[in-house]
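Right, one structure below, let's go through it.
The values are calculated or read from the model by the stated rules, or taken from the named source; none is laboratory data. Treat the numbers as computed from the prediction; the structure is a model and nothing was measured. FYI the Cβ positions are ideal-geometry reconstructions off the backbone, even for glycines, and counts take in every protein chain you see. For accessibility, only protein heavy atoms count, side chains too; no ligands or nucleic acids. Shrake-Rupley method; radii C 1.70, N 1.55, O 1.52, S 1.80 Å.
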Amino acid sequence: MFGVDFLVRISGFVLLPVYLFLMTQEEYGLYSYLLAIMTYLGQCFGFGLYVSQMKIYHDFSSEREKESFLFTINFFLFAASGFLLFILYIFKLDIAIINYFVSEKINYIDFRLYFVFYLFLSIFSQMLYSFFITTENLKFIKLFNIIKLFLLNGVVLFSLYIYNNQDAVLIRFKYSFLVELALFFLFFYFFVKKMFFVFNTSSLKKSLKIGLPIMVEI
């Protein structure tokens, strides 16, 4: 577990020269900055429920209650975050946010759709990963990290090399999103099969009491 985590962390330094060979410093910096903004927004639109999932899951005595709890908070999160991101997109609030944080003029419109969908996906990728941590499923944690490390970097680097005359930021967002989406669906089955499709209002209220203060603090 620690070996895989170390490999994931050090890969950023090892692959940095390769990315800088295929991207300009400005493109690399812009992508990293936009990714940081996306991560921040994902934490906000996630309502802190990834923390609630880890804290409350083991409070239930029966497996059926745990399964109902998982369905409840993830269904609510899907509906609530989906609605908010739809409003964000329709009223072009994401453009306003990007313009606020990025002073230079960039071609955000070109990869706007990938940015918003990637943001939505990142919320549930975090829920999926926190579920594996909560259930102490070390096999899936290691497998998830290893596949993500090699597949994501492999596909993105290959795409940057093939489309070296195109916008590197757009290419990296596009193929990072597609790989993460494929990875999510690969593991989502093991997540959803642990859900019991009954909505529990009381567990949702309990979850939001924990999650919303975390969301506000972010």
Hz values of 3J(HN,Hα) by residue in the stretch 174-186 - Karplus curve (6.51, -1.76, 1.60), Gly and Pro given as x: 4, 7, 5, 4, 5, 5, 5, 5, 4, 5, 4, 5, 4
Principal semi-axes in Å for the stretch 3-97 [√(5λ), Cα gyration tensor, largest first]: 34, 23, 8
Where chymotrypsin sites (Phe, Trp or Tyr not before Pro) fall in DSSP loop in the stretch 87-120, at most 15 other Cβ within 10 Å: F91
For q = 0.18 Å⁻¹, Debye-computed log10 I/I(0) when each Cα of the stretch 94-218 counts as one equal scatterer: -1.13
Per DSSP, loop chymotrypsin sites (Phe, Trp or Tyr not before Pro) in the stretch 174-218 with at most 16 further Cβ within 10 Å: F196, F197, F199
At most 16 other Cβ within 10 Å, DSSP loop - trypsin sites (Lys or Arg not before Pro), the stretch 9-67: none
³J(HN,Hα), Karplus 6.51/-1.76/1.60, whole Hz, each residue of the stretch 32-44, x for Gly, Pro: 4, 5, 5, 5, 5, 5, 4, 4, 5, 5, x, 5, 5
For the stretch 150-191, alpha-carbon Rg and Dmax in angstrom: 11.7, 40
Cα point-scatterer Debye curve for the stretch 17-66, base-10 log of I(q)/I(0) at q = 0.21, 0.23 Å⁻¹: -0.78, -0.84
Over the stretch 104-143: Rg over Rh, Cα atoms, Kirkwood Rh: 1.27
Residues whose placed amide H lies under 5 Å from that of F47, excluding near-sequence neighbours: none
Across K66/K209; K142/K205; K142/K206; K139/K209; K66/K174; K92/K148, pairs whose alpha-carbon gap is larger than 24 Å: K142/K205; K142/K206; K139/K209; K66/K174; K92/K148
Theoretical gain in end-to-end length, A80 to D59 [0.36 nm per residue, Cα-Cα removed]: 5.1 nm
Over the chain, equivalent-ellipsoid semi-axes from the Cα gyration tensor in Å: 32, 22, 14
Segment R112-C44, length gained on full extension (0.36 nm per residue, minus Cα span): 22.6 nm
Distance in nm between pseudo-label sites at L16 and Q166 (7 Å out along the Cβ direction from Cα): 2.8 nm
Using a Förster distance of 45 Å, the FRET efficiency for E104-N137 (Cβ separation, nearest 0.05): 0.55
³J(HN,Hα) computed for each position of the stretch 79-94 - Karplus, 6.51 cos²θ - 1.76 cosθ + 1.60, integer Hz, glycine/proline x: 5, 5, 5, x, 5, 5, 6, 5, 4, 4, 6, 4, 8, 6, 6, 5
Calculated FRET efficiency for the pair T201/L149, C-beta based, R₀ 45 Å, to 0.05: 0.70
Accessible surface of the chain, 1.4 Å probe, proportion on carbon and sulfur as whole %: 68 percent
Alpha carbon centroid spacing (whole Å) that separates the stretch 17-93 from the stretch 157-218: 6 Å
Paramagnetic label zone (point 7 Å from Cα along Cα-to-C-beta, K92; backbone N under 20 Å) in the stretch 112-153: 112-117
